[in-house]
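The values are calculated or read from the model by the stated rules, or taken from the named source; none is laboratory data. Remember, predicted model here, so these are calculated numbers, not experimental data. We place every Cβ from the backbone using ideal geometry, glycine too, and count neighbours over all the protein chains shown. The accessibility values were calculated without ligands, DNA or RNA, using every heavy atom of the protein model including side chains. Shrake-Rupley method; radii C 1.70, N 1.55, O 1.52, S 1.80 Å.
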Amino acid sequence: MEDHESVVANALQQYGVLLPRLNEASDAIGNAIRGRLRDDGLNHHTVQARVKDPASVKGKLDRLTADGRFKYERGLEQLDDLIGVRVIMFLEPDIADVATALKGQFNCREDDDKTSSQRRNGQIGYAGRHLILEVPAENVPVGCQTFVGERFEVQIRTVLQHAWAAFEHDIRYKGLSEVNAEVDRAFTMASTLIELADAQFSAINDIVKRRQAESTADFADSPATELTGDILQDMLARLLSEHPRSQARQYDWLGNLLAANGVRTVADAEELFGAADWSGVAKRMDYKFPAGHVRIADDFLLKTWGVDYIARTKSLGDDPKREAKLTYRLERMQD
């Protein structure tokens with residue numbers, strides 16, 4: 001039987017050969033995830049995709065179990081995080097929606113909700129949700145056709161959770177300071193404050209949504225006012241109070257979609273969206289979670305104008321597969 005040093009040396013040699021392909025797969029998977037979050041209108045901060053560096057691979061292969069055995073005796077085949085993706089959210093409740101979206105896009109091998117397990121056990125510390133996903137052989141995500149079967153890890157957490165985790169990792173695992181009781185206590189206090197801050201951010205978001213929904217903003221005084229992204233955001237927040245906000249830049253894109261179909265003023269948009277059967281659209285599309293404002297508005301416009309809408313908007317935005325996606329979505333609505 002090979003000794004551990006030989007196993008690690010062979011694994012690292014194999015890893016060097018795999019690196020170019022892994023980098024290509026990481027880029028493709030990251031782009032596919034960004035596209036999915038954009039399509040679903042999920043308001044996120046960033047999506048970061050990376051390939052583990054060789055030193056980190058070696059460090060992981062050298063890890064021991066509690067009884068002193070090497071944890072990864074079979075080398076690279078046991079490592080599911082050679083490709084890692086971090087999805088950073090603004091609001092903690094949105095983490096579950098992202099997990100649902102990605103589990104619908106890729107095959108899910110593991111789902112570890114560390115935030116929920118911490119709270120169930122009355123613990124304080126690292127929070128987030130980790131998924132082990134695999135590129136599926138059927139309904140392959142755009143750009144991932146040559147990476148079927150590739151496994152990767154996704155970490156989903158809030159901006160604050162990410163900041164805590166990154167700093168804690170530097171301190172505990174990169175030897176920047178001796179870990180002692182004082183450090184542990186400080187990290188526990190920081191984790192508690194972050195949990196409270198995330199809860200307050202969610203509360204603020206709920207207050208804003210409620211006030212927008214209750215708003216009696218009257219655009220009748222200036223019906224010919226040109227549409228802007230800010231106006232569309234306020235308008236949809238009132239009309240779709242149960243749906244989450246999309247990314248701010250997506251409302252400007254929605255304005256371009258409307259302009260391409262002759263809707264350029266506030267009055268035109270109010271008339272169009274005010275008469276929409278939003279629940280009917282949601283039922284037809286069978287969303288797994290409430291779609292973001294821009295996604296459901298895009299689907300409503302598709303339902304309203306059909307193939308003409310596809311022809312007029314297929315080239316708007318930076319999604320080269322928009323025409324195919326719209327065609328698929330229209331077929332779902334018409335079933």
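Remarks
- Spin-label model, Arg21 to Asp67: label points 7 Å out along the Cα-to-beta-carbon direction sit 3.5 nm apart.
- Global form of the range 1-103, assessed from the alpha-carbon gyration tensor, a/c cut-off 1.5: prolate
- Considering only Gly292, Gly59, Gly306, the Gaussian network model of the chain with Cα springs below 10 Å gives its largest mean-square fluctuation to Gly59.
- Within the accessible area of the chain (1.4 Å probe), percent carbon and sulfur: 49 percent
- DSSP-loop GluC sites (Glu not before Pro) across the range 64-170, with at most 16 other Cβ within 10 angstrom: Glu73, Glu138
- Nearest-0.05 FRET efficiency for Ile204 and Glu331, computed from C-beta distance (R0 30 Å): 0.15
- The stretch between Leu272 and Leu193, if pulled fully straight at 0.36 nm per residue, gains 24.0 nm over its current Cα-Cα span.
- Backbone phi angles across the range 57-64, fed through the Karplus curve with coefficients 6.51, -1.76 and 1.60 (θ = phi - 60°), yield HN-Hα couplings of 4, 4, x, 6, 5, 8, 5, 10 Hz in residue order; Gly and Pro are listed as x.
- Summing Cβ point charges (Lys, Arg +1; Asp, Glu -1) relative to the Cα centre of the range 178-335 gives a dipole of roughly 560 debye.
- Excluding ligands, DNA and RNA, the accessible surface per residue across the chain is 53 Å² with a 1.4 Å probe.
- Relative contact order (percent, whole number), the chain, Cα cutoff 8 Å, 6+ residue spacing: 15 percent
- Too-long pairs where the Cα-Cα distance tops 23 Å, listed order kept, from Lys283/Lys303; Lys71/Lys103; Lys103/Lys321; Lys209/Lys303; Lys283/Lys325: Lys71/Lys103; Lys209/Lys303
- Tensor-based shape of the range 267-335 (alpha-carbon gyration tensor, a/c under 1.5 rounded, otherwise prolate or oblate): oblate
- Peptides 269-278, 24-33 ranked from most to least packed by the mean count of surrounding Cβ atoms within 10 Å: 24-33, 269-278.
- Ellipticity estimate at 222 nm from DSSP helix runs (n ≥ 4, -39,500 (n - 2.57)) divided over the chain, nearest 500: -18500 deg cm²/dmol
- In a DSSP loop and with at most 16 other Cβ atoms within 10 Å, the trypsin sites (Lys or Arg not before Pro) in the range 23-85 are Arg63, Arg69, Lys71, Arg74.
- Using C-alpha pairs below 8 Å separated by at least 6 residues, the relative contact order for the range 41-134 is 28 percent.
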